[in-house]
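J.: I have a structure here, written as structure tokens, and I will follow up with some questions on it.
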Amino acid sequence: MLWRPFLLVLFLFLASYAFSNIGRADSGSDFFAPWEPEREIVARVHFYDYHLSMLDFHHHDFEVLGVDLKNKTIDLYLSSEELQTVRRSGYQLTVVEEKNLMLAPDAQYKTAQEIAAFLQQVNQRFPEITKLESIGKSVEGRDIWALKISDNASINEPEESKIFFNGMHHAREVMTPEIMIDLIEKLTQGYGSDDTITNWVESNEVWVVPMLNVDGNNRVWTSNSMWRKNVAYGQGVDINRNYPYKWGSCNGSSGSTWSDTYRGPAAGSELETKAVMELVSRTRPVFSISYHSYSELVIYPYGCDGVRTETRAVVEPIGTEIGRLLGYSPGTAWELLYSVDGGDIDWLYGQYQVLPYVIEVNASSEGFQPNYAKWRDKTVAKNRAGWRYLLERLSGSGLKGQVRGASEQELAQGEVTLKVFIVQEGKRTLFQNYRVNPDGSFHIILNPGTIDVEVMRAGRSGPTHAGLVIGNGRLDMDISL
């Protein structure tokens, strides 16, 4: 009978283990079915130490909806049990509302079908400067639409710089497609009559994905207005934790399927993620903005605590300027919110050297689904300054051109690179090892100053262009091998 005490000890150990992992963000264990909180309470918590509070909430896997840095509050989406946990921890809080999960947003916000109809109408009205294409299908069979805006929209022009805008990674953030609609309307309707817009459209290729999470959007309208993820596997995946770069690497997402930051079963597993990855892989944009809500923030990479970009001397001032124009707070996710891994901006920068930004529109007083009549036009008008600034910045200080003489194979395999050195007082500092695009194009955003450029071909040094002076405008030049 010696086996009975052993079984009792084993039972107590396993029971203790299961209890200790209830509600943890990264338990990831399939041995016990994870407890899923029935969240329906929005609580506004006042903080004294912002980062300590965020760490505490992240540890418990409480869902952070948004923040108000000016008024020192954090909005949480909680179950009744989680609300009591927060209260017992001594936080001062206010229950904002108990959500009716069957309540849909204001009917004037767009469904996936309405977005598709809008894009088709734009394409029919402006066939010469727009190209509409489905970049993928969702789990439920919906098209994920992208609209290209350019003077010769039907063809790829390597000499034109690309820029990428997208909305609604998260299903409940219904304001974000409205900003994309406004951008599309301003560029198409202003072409030919507004000199600035005409120049943007003739000089660049603008790619817009107004609504990435088409299935999640449908769920927002039909059953759960607070739904965030896609609908894969029944429980859904947070698309913006599913990108391959540093996926699941810094406790910036969850391995628990019920969590709203569930990263998915594998890096890049989701159809929506794959659609963006394929589009970016073939277009190679210089800039991107991914629109989210809410908190009035401008976020740039990287998402993991303490990590900075190699080109922060350019990335961060641009983010700061967008923040100044919008009246939003700029910074990395780990500075402003919490660590994030598997996000699109980290993948865009780390994989394809895009200079990417997340803009969190609207304040906590407006939330995810503010009254359409009161807030829609105000929000889109305010956010024009952000996308207009990046379109204008494409012609600002930087180096742009084509590499001539490299083979298609060398370019496709990323074997042609430009080593850019900043030259100050006779000293050279490596700024970026830039991979030339598969079509031979390059567009490197820089600050004004003097640079040297060394061409590398399959690891071997090629020609060097020394003493190039970058002014406030862009320097255009081709490089021959």
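J.: Please count how many residues of the range 271-312 are surrounded by fewer than 24 Cβ atoms within 10 Å (Cβ to Cβ), in a helix (DSSP H, G or I) and touching a residue at least 40 places away in the same chain (Cβ under 8 Å).
T.: Result for the range 271-312: 9.
J.: Out of curiosity, is Asp151 in contact with a strand residue (DSSP E or B) (Cβ under 7 Å, 6 or more places away or on another chain), surrounded by fewer than 22 Cβ atoms within 10 Å (Cβ to Cβ) and either at positive phi or at pLDDT 95 or above (or both)?
T.: no
J.: Quick one: Asp260 ticks every box in (1) in contact with a Phe, Trp or Tyr (Cβ under 6 Å, 6 or more places away or on another chain); (2) among the acidic types (Asp, Glu); (3) modelled with pLDDT under 95 bar one, so which box is it?
T.: (1)
For (1) crowded, with 19+ Cβ neighbours inside 10 Å; (2) polar (S, T, N, Q); (3) closer than 24 Å to Pro330 by Cβ, each residue gets a yes or a no:
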{"position": "Gln351", "(1), (2), (3)": "no, yes, yes"}
{"position": "Pro356", "(1), (2), (3)": "yes, no, yes"}
{"position": "Glu366", "(1), (2), (3)": "yes, no, yes"}
{"position": "Thr379", "(1), (2), (3)": "yes, yes, yes"}
{"position": "Arg384", "(1), (2), (3)": "no, no, yes"}
{"position": "Tyr389", "(1), (2), (3)": "no, no, yes"}
{"position": "Arg404", "(1), (2), (3)": "no, no, no"}
{"position": "Ile451", "(1), (2), (3)": "yes, no, no"}
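J.: Scan the range 78-93 and tell me whether some residue there is under 27 Å from the mean Cα position of the chain (by Cα), in contact (Cβ under 8 Å) with a residue 60 or more places away in the chain and not assigned by TED's automatic domain parsing to the domain that holds Ser365.
T.: Checked the range 78-93: no residue is under 27 Å from the mean Cα position of the chain (by Cα), in contact (Cβ under 8 Å) with a residue 60 or more places away in the chain and not assigned by TED's automatic domain parsing to the domain that holds Ser365.
J.: Val67 - would you say it is part of a strand (DSSP E or B) and modelled with pLDDT under 90?
T.: No: the conditions fail for Val67.
J.: Give just the number: which of (1) under 16 Å from Val361 (Cβ atoms); (2) surrounded by fewer than 23 Cβ atoms within 10 Å (Cβ to Cβ); (3) among the aliphatic types (A, V, I, L, M) does Met175 not satisfy?
T.: (2)
J.: Now for a separate question. Taking the criterion of being over 24 Å from Ile444 (Cβ atoms) and among the β-branched types (Val, Ile, Thr), would at least one residue in the range 348-355 satisfy it?
T.: no
J.: Scan the range 313-345 for residues that are among the acidic types (Asp, Glu), within 14 Å of the chain's Cα centre (by Cα) and not in a loop (DSSP other than H, G, I, E, B) and jot them down.
T.: Once the filter is applied, which keeps residues that are among the acidic types (Asp, Glu), within 14 Å of the chain's Cα centre (by Cα) and not in a loop (DSSP other than H, G, I, E, B), the range 313-345 yields only Asp344.
J.: Of the numbered conditions (1) closer than 30 Å to Ser397 by Cβ; (2) in a helix (DSSP H, G or I); (3) out of contact with any Ser or Thr (no Cβ under 6 Å at 6 or more places or on another chain), Asn240 satisfies every one except a single condition; which is it?
T.: Of (1) closer than 30 Å to Ser397 by Cβ; (2) in a helix (DSSP H, G or I); (3) out of contact with any Ser or Thr (no Cβ under 6 Å at 6 or more places or on another chain), only one is false for Asn240: (1).
J.: Report whether or not Trp200 is closer than 15 Å to Lys131 by Cβ, in contact with a helix residue (DSSP H, G or I) (Cβ under 7 Å, 6 or more places away or on another chain) and either among the hydrophobic types (A, V, I, L, M, F, W, C) or surrounded by 19 or more Cβ atoms within 10 Å (Cβ to Cβ) (or both).
T.: No, not satisfied.
J.: Follow-up question, since we're still on this one. Inspect all residues belonging to the range 253-268 and state whether any of them is touching a residue at least 40 places away in the same chain (Cβ under 8 Å), of a type in the set (Val, Ile, Thr), more than 27 Å from Asn383 (Cα to Cα) and surrounded by 18 or more Cβ atoms within 10 Å (Cβ to Cβ).
T.: Yes - at least one qualifying residue is present in the range 253-268.
J.: I'd like the residue in the range 178-197 that is crowded, with 16+ Cβ neighbours inside 10 Å and under 16 Å from Ser150 (Cβ atoms) and, out of all such residues, is nearest to the chain's Cα centre (by Cα).
T.: The qualifying residue nearest to the chain's Cα centre (by Cα) is Leu183.
J.: Another question, then. Restricting the search to the range 95-126, which residues are modelled with pLDDT of 90 or more and not hydrophobic (A, V, I, L, M, F, W, C)?
T.: Selection gives Asp106, Gln108, Tyr109, Lys110, Thr111, Gln113, Glu114, Gln120, Gln121, Asn123, Gln124, Arg125.
J.: Can you name every residue in the range 103-147 that is closer than 19 Å to Glu272 by Cβ, touching a residue at least 24 places away in the same chain (Cβ under 8 Å) and either part of a strand (DSSP E or B) or in contact with a Lys or Arg (Cβ under 7 Å, 6 or more places away or on another chain) (or both)?
T.: Ala112, Ile135, Gly136, Lys137, Asp143, Ile144, Trp145, Ala146, Leu147, listed by residue number.
For (1) within 21 Å of Thr309 (Cα to Cα); (2) in a helix (DSSP H, G or I); (3) out of contact with any strand residue (DSSP E or B) (no Cβ under 6 Å at 6 or more places or on another chain), each residue gets a yes or a no:
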{"position": "Val358", "(1), (2), (3)": "yes, no, no"}
{"position": "Glu366", "(1), (2), (3)": "no, no, yes"}
{"position": "Gln369", "(1), (2), (3)": "no, no, yes"}
{"position": "Asp377", "(1), (2), (3)": "no, yes, yes"}
{"position": "Arg384", "(1), (2), (3)": "no, yes, yes"}
{"position": "Gln402", "(1), (2), (3)": "no, no, no"}
{"position": "Val420", "(1), (2), (3)": "yes, no, no"}
{"position": "Arg428", "(1), (2), (3)": "yes, no, no"}
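The values are calculated or read from the model by the stated rules, or taken from the named source; none is laboratory data. Every value quoted in this text rests on a predicted model; they were computed, and no experiment measured them. No Cβ is skipped: glycine too gets one built from the backbone with ideal geometry, and neighbour counts run over all protein chains shown.
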